[in-house]
1. Out of the residues in the stretch 173-188 that are surrounded by fewer than 18 Cβ atoms within 10 Å (Cβ to Cβ) and within 7 Å of the ligand (Cβ to nearest atom), state the one that is farthest from the chain's Cα centre (by Cα).
2. Tell me yes or no: at least one residue of the stretch 69-76 is at pLDDT 95 or above and over 27 Å from residue 190 (Cα atoms).
3. Name the single residue that is farthest from residue 91 (Cα to Cα) among those in the stretch 132-155 being within 16 Å of the ligand (Cβ to nearest atom) and surrounded by 14 or more Cβ atoms within 10 Å (Cβ to Cβ).
4. I want to confirm something. Restricting to the stretch 29-52 and keeping residues that are near the ligand (Cβ under 8 Å from one of its atoms) and touching a residue at least 24 places away in the same chain (Cβ under 8 Å), which single residue is surrounded by the most Cβ atoms within 10 Å (Cβ to Cβ)?
5. Looking at (1) at negative phi; (2) surrounded by fewer than 17 Cβ atoms within 10 Å (Cβ to Cβ), which one does residue 22 not meet, given that it meets all the others?
6. Quick check: anything in the stretch 66-85 closer than 24 Å to residue 153 by Cα and either within 15 Å of the ligand (Cβ to nearest atom) or in contact with a strand residue (DSSP E or B) (Cβ under 9 Å, 6 or more places away or on another chain) (or both)?
7. Looking only at residues in the stretch 189-228 that are loosely packed, with under 13 Cβ neighbours inside 10 Å and more than 11 Å from the ligand (Cβ to nearest atom), which one is nearest to residue 8 (Cα to Cα)?
8. Looking at the stretch 210-228, I want the residues that are within 20 Å of residue 186 (Cα to Cα) and part of a helix (DSSP H, G or I) and have a partner that is more than 8 Å from the ligand (Cβ to nearest atom) and modelled with pLDDT of 95 or more with Cβ atoms under 7 Å, at least 6 apart or on another chain. Which pairs are those?
Ligand code: APR
């Protein structure tokens, strides 16, 4: 307790925290971007050019994601959120919902969620646990052919950026878990925490692109290191 007030902890999590739940990362040797071209499935231009290819990529990915279960790293963060000593915000780049399944609240999905779609006709977001095609009608406006995975494609604006910036401005401890620190603006969050005078901690399987920015670094599997 700093003069009676709780400490604010901000986590930034990436694909590495979900690896031990059996989900592929993006840039490891068996990563998603080694088997698919980002330009074909993760850009707004790709969705305009070949919407069904993009939809089926996320339909397949969704099957794996929805069958995964939280691992001890997710559970440890959820447990920390129960402590009265800390106010914990989880900013996640992941589109899985393993933080929520572990019991976490206050999770900011800045790159979207794979269990949701957004309608390009009425703008509303709805849950979509099954496969979505060009024939799936929007549950709100009933139009077909307008549903897009609620995933932030490269070049699109992040979601919940205001809430994330607000958490960073009040951050005492910034903890990066399982991210390569290569994709902006998320990879720039640690700099904002540093400017604010926060303590910076990196937990990752190995050195990342931005390890040099962290005062404390713990390398190893997130499922072991985060609980510790
Ligand atoms: N425990 C801890 N760290 C791990 C583990 C593990 N079990 N397995 C892998 N890692 C680390 C890798 O060493 C790597 O540094 O997790 C990181 C995963 O990096 P990426 O695959 O680049 O994933 P991420 O950083 O989340 O990617 C950021 O890029 O493609 C976009 O939108 C996508 O959100 C994603 C963003």
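The values are calculated or read from the model by the stated rules, or taken from the named source; none is laboratory data. Predicted model, so just to flag it, every value in this text is computed and none were measured. Methodologically, a virtual Cβ is constructed for each residue, glycine included, from the backbone with ideal geometry; neighbour enumeration extends over all protein chains shown.
1. This residue is 182.
2. Yes, there is a match, as at least one residue in the stretch 69-76 is at pLDDT 95 or above and over 27 Å from residue 190 (Cα atoms).
3. My answer is 148.
4. Only one residue fits best here, namely 42.
5. Failed condition: (1).
6. Yes, some residue in the stretch 66-85 is closer than 24 Å to residue 153 by Cα and either within 15 Å of the ligand (Cβ to nearest atom) or in contact with a strand residue (DSSP E or B) (Cβ under 9 Å, 6 or more places away or on another chain) (or both).
7. This residue is 197.
8. Final answer for the pair search is 211/202; 211/217; 213/190; 213/191; 213/194; 213/200.
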